[in-house]
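First comes the structure, then the notes that go with it.
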Amino acid sequence: MSEPVLSVTNVQVQFGGGSVRAVDTVSLEVGRGEVVALVGESGCGKTTLIRSIIGLEPLAAGSIAVEGRPVGRGRGLRALRRKVQMIFQDPTGALNPRHSIYEAVAEGLRIHKVKGHEPTLVAEALASAGLRPPERYLRRFPHELSGGQRQRVLIAAAMALGPTLLLADEPVASLDASIRGEILALMRSFVDTRGVSIVAVTHDLGLAWNIADRVAVMYLGRIVEVGPTEEVLRAPKHPYTQALLSVVPEIEGLEQQILTGETPDPSRMPSGCRFHPRCPLVASGEAERLGIVDRCRGVDLELEPEVGAHRVACHAVRA
Amino acid sequence: MSVLELQDLHVTYRSEGGPVPAVRGVSLSLERGDTVGLAGESGCGKSTIAAAVLRLLPKGTEVSGKVLLDGEDVYAMKPGRLRAVRWTSAAIVFQGALHSLNPVRRVGNQIEEAILLHTAVSPRAARTRTGELLVKVGLPADRAQRYPHQLSGGQRQRVLIALALACDPKVLIADEPTTALDVMVQAQVLALLEELQREQGLSLLFITHDLSVLTTTCERLAVMYAGRIVEQGPGREVFAQPHHPYTRALAAAFPTIGDPASRMNPAGLAGDPPDPSALPSGCPFHVRCAVATAECSSLDVGLRVAAPGRSAACVHVEAAHV
Amino acid sequence: MSDLAQVSPRAFRWARRRASAAGFWRSLRRDKLALTSLVVLVLFVVLAVVAPWVSNRADFNVINTGDNPVWAKPSGQYLLGTDNYGRSVALQVLWGARVSLFVGVAATVLTIVLGTLVGISAGFFGGWIDAVLMRITDWFLVIPFLPFAIVLASVLGRSLWNIVFVIGITSWPSTARLVRSQVLSLRERLYVDRARALGGGRAHIIGRHILPNVTPLVLASTTLAVPISILTETTLAFLGLGDPTDVSWGGILDQARTAAAVTTNRWWYYLPPGVAIIMVVLAFTIFGRALEAILDPRLRDR
């Protein structure tokens, strides 16, 4: 693999003065033109991770580099932000209701003083995001557009700056089902035509199957499984990934493993493997049979060292 | 006799910009112990139906057709009778559990209130019953002492279900009960609803935008578009072999993980869900339809039998079976 | 896209402004009471502005009124009668409008500028800046107004500008609190996050997203601050703390009191300035409330 577009190394993000480790020692690399889906339940730290990539959350430890250059504070941050763009879950909230569509798209162009005739650039960006003819949208306001159109405006505004990395926070979760595919196809088309890389945060495994080259599953601030989409989703190794897949209604034949208990809370981090209080292997006695139950309860673990592309953080897999 | 029957229901909202036909002729029946799913996108009228069953629509809304609860027309009821029927015959689990609970009252008191309002029992008995209900929905009885904000999203949704069950309704209408929840919690709530339905012989009308949730929970499924049912049939069949092009697109929008056809190939539908106040002519779906013919822009067909137990509102359905 | 080549970004901005002005006028036209208030206000402003052209300030200087009748009742010659020095009450009220409106507007501008500056800084930057600014605000908020004003007026001397200063310095804290709370909520909006993600700095976010969103609120509270300032000026002038060389409505009332107009039942001396105060204050308040309802989306029904 050539130089990665994004490399996240041992990143930690903390809240509440260090009492909550929302992201706890995460490393991830994203290659050029690669789509990575970051999957997990709310509170697993996936959104915090991508917000830290774009500088919206300060790092407590670790480092993030985009195209080999470390992300720091100050002057370099602005140049970085042109390279890294973000789209949001709620396109309605992400658009200032007082700004017209033209202004929403032009905002980034102005911040980065992009050369060229502004109205033409804006129109081209809208057209490339499927809002055709663009003249029809320029003067409108966000509330006059549908949810899908608003998300297209945000994608247009992000892509207008020619980023190398696009971060997407639940890009289709608030959209109607029939719109979903169109937006995903649009995102994927920018990968194929412009070589942009995408990190998409989602709870929707179907999205990963639809557009992602690789999947990283997060649980309580850690990546517990990462690998090529086909391998992770067809042959998951971590019991958490297996459980997540089993409750997807479209997958038949898999016995449902509904985990009991609440969505995990990062302010109360369990000892040992973070997943052990909900782990079906521990609950069923399988872990005891394998003789690893003490390690599950007492020994914290990270992803196994790089042996292949598909890596897991689970005592049972290593046993 | 069906516990809930809608006969040619029309609901038209009044707005500044003129009348908005939200539901345009829906007929549907729910048998005892049955689960019927109602799927559709925003603005298709599915939530309007939930509100229409208990006459919870805003003042001035025009309703025609019939809503029969246990054979009795809800829209012919006197106000006193209507109040009695609400919650005892049919109850609703709303979406957005945070907003349907009073934030400054303990959840137990809110359930007790519903019991005391509809049944002649002592406050002590109501309290005992509240505890039982919470246990039934999988919460410890002491959660009654909590305020809504002290509970997680999944727990609040369980409280709402307990609240809906407070007066032993025959019909439970669940309007997007799992939408704001995490996948795992969503699975927990779905399993709970299924269990309650089985154990208590509840009849469940399950309304959601998520077609995939319905296929596993519902025996029968109705897909709505622009205020009408466009396809009906057994849940799994409708999802697996849709007859209406809209259902086909909707089903494809939920990819089957492991299916090579959908890998790197997200399927969607061009255009947006229609605005109920400005519906296209003819079949309202024709502007987004991949197989529309010339006549679709003027011809609006009703539901047609497509196969045994299946019907769809599309001109192509007839062509396939002539 | 060819026709776009000639279009300038400015044209879009103007089109938008025209549309929002038209929408504003439409909402205002529906509110008859607010419209009436606006007419009253415009009338008073016009009167105040044209006063120097239709009359002579010197006409009611005590040294020039030797020949005028004293305590004349309202008549064709003296529209609102004369006072104990033979000065025309109508002229005094007319000229008083200039002072009262000026003080009202000037003090409000001071209030708004200070309050908005402090409110935005505290709300946007947060942290210790917020803590320090808010403690200062609280400190000003609990100053007992009248004693403070009396002390300040006697220290600084009695002039119009000092009155403006006194009112401004004591009334900005409430505006600051209002603006701060609005900024706190705006700061958390997703579109502010997006602007940061796009690479926008603080100046960009404040200028493009925060300020335009607090402006309507500030504008509405401005129209509510003017009547308070006018009343405050009246109070101070009535207490004898006004500028002795100028005539304001409060000042007239004070002189009417000293001349015992109330006890001798010379209503034409104290009633006209009183009615003028009530009308302007009421009109400003009603118009301000209407403005608030139109401009503040939270108060709009839809």
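Coordinate-derived values only; no laboratory data. From a predicted model like this one, the values you see are computed outputs, not experimental measurements. Reconstructed Cβ throughout: ideal geometry from the backbone, glycine too, with neighbour counts over all protein chains shown.
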Nearest 10 degrees, 0 to 90: what angle lies between the long axis of helix C:160-187 and the longest principal axis of chain C (Cα atoms)?
-> 20
In terms of the alpha carbon gyration tensor, root eigenvalues a ≥ b ≥ c, rounded if a/c is under 1.5 and otherwise prolate when a/b exceeds b/c or oblate, the stretch B:195-264 is oblate
Distance between Cα centroids, the stretch A:262-277 to the stretch C:204-248: provide it in whole Å.
-> 55
Would you work out which of A:SER271, A:PHE190, A:THR202 lies farthest towards the positive end of the dipole of the stretch A:167-319? Charges go on Cβ: Lys and Arg +1, Asp and Glu -1.
-> A:SER271
For the stretch A:58-120, listing GluC sites (Glu not before Pro) in a DSSP loop whose Cβ sees at most 15 other Cβ atoms within 10 Å gives A:GLU67
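What do you get for trypsin sites (Lys or Arg not before Pro) in the stretch B:34-132 restricted to DSSP loop and a cutoff of at most 11 other Cβ within 10 Å of the site's Cβ?
B:LYS59
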For B:LEU38, other-chain or 5+-apart residues with amide H closer than 5 Å (H placed, Pro excluded) are B:PHE206, B:ILE207, B:THR208, B:ALA222
Computed over the stretch A:28-111, the ratio Rg/Rh where both radii use C-alpha atoms and Rh is Kirkwood = 0.98
Across chain B, qualifying lysine pairs (alpha carbons under 20 Å, at least 8 places apart or different chains) come out at 6
State the Cα centre-to-centre distance between the stretch A:221-249 and the stretch B:91-168 in whole Å.
-> 36
Using only Cα atoms, find the angle between the long axis of helix B:183-200 and the longest principal axis of chain B, and express it within 0 to 90 degrees, rounded to the nearest 10.
-> 70
Could you work out the Kirkwood radius for the stretch B:256-322, taking every pair of different alpha carbons, averaging 1/r and inverting it, reported in Å?
-> 14.1
Report, in degrees rounded to the nearest 10, the 0 to 90 angle that the Cα long axis of helix B:123-136 makes with the longest principal axis of chain B.
-> 50
Taking each residue of C:168-180 in turn, how many C-beta atoms of other protein chains fall within 10 Å of its C-beta, and what is the average?
-> 0
Around B:PRO260, with a cut-off of 13 angstrom between Cβ atoms, what is the net charge of the other residues, counting Lys and Arg +1 and Asp and Glu -1?
-> 0
Enumerate the whole-percent occupancy of each 10 Å bin, from 0 to the last occupied one, for all C-alpha pair distances of the stretch A:6-318.
-> 6, 26, 32, 22, 10, 3, 0
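So if a site counts as exposed when it's one of the trypsin sites (Lys or Arg not before Pro), its DSSP state isn't H, G, I, E or B, and it has at most 10 other Cβ atoms within 10 Å, what's the longest stretch of chain A without one?
Of all site-free stretches, the longest is A:116-267.
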What percent do you get for the relative contact order of chain C when only Cα pairs under 8 Å and 6+ apart count?
-> 24
Exposure-ranked with fewest Cβ neighbours within 10 Å first, A:ILE101, B:ILE207, C:ILE136, A:ILE258 stand as C:ILE136, A:ILE258, B:ILE207, A:ILE101
For the protein assembly as shown, what does the alpha-carbon gyration tensor say about shape, rounded, prolate or oblate, given a ≥ b ≥ c as the root eigenvalues, a/c under 1.5 as rounded, and a/b over b/c as prolate?
-> prolate
Over the Cα atoms of the stretch C:135-190, how large are the radius of gyration and the largest Cα-Cα distance (Dmax), in Å?
-> 15.0, 51
Could you work out the mean projected area of the convex hull around the alpha carbons of the stretch A:254-305, in square nanometres to one decimal?
-> 4.8
With a point put 7 Å past each Cα toward its Cβ, work out how far A:ASP300 is from B:ALA294 in nm, to one decimal.
-> 7.2
Stokes-Einstein D in µm²/s, Kirkwood radius over Cα pairs - the stretch A:140-251 at 4 °C with 1.567 mPa s viscosity = 85
Decide, for the stretch C:23-161, between rounded, prolate and oblate: order the square roots of the alpha carbon gyration tensor eigenvalues as a ≥ b ≥ c, take rounded if a/c falls under 1.5, and otherwise choose prolate if a/b is larger than b/c, else oblate.
-> oblate
Alpha carbon convex hull of chain C, volume per residue in cubic angstrom = 188
Ranked from fewest to most other Cβ atoms within 10 Å of their own Cβ, B:GLU194, A:GLU182 fall in the order B:GLU194, A:GLU182
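What percent does the relative contact order of the stretch A:6-318 come to when contacts are Cα pairs within less than 8 Å and at least six residues apart?
RCO, the stretch A:6-318: 21 percent.
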For the stretch A:16-144: relative contact order, % (alpha-carbon pairs under 8 angstrom, 6 or more apart) | 18
Charge context of A:LEU126, other residues only, Cβ under 14 angstrom, K/R +1, D/E -1 = +1
Looking only at Cα atoms, what is the convex hull volume of chain B per residue, in Å³?
-> 152
Calculate one ³J(HN,Hα) per residue across the stretch C:268-275 by plugging θ = phi - 60° into the Karplus curve 6.51 cos²θ - 1.76 cosθ + 1.60, and present them in order as whole Hz with x for glycine and proline.
-> 5, 8, 9, 5, x, x, x, 4
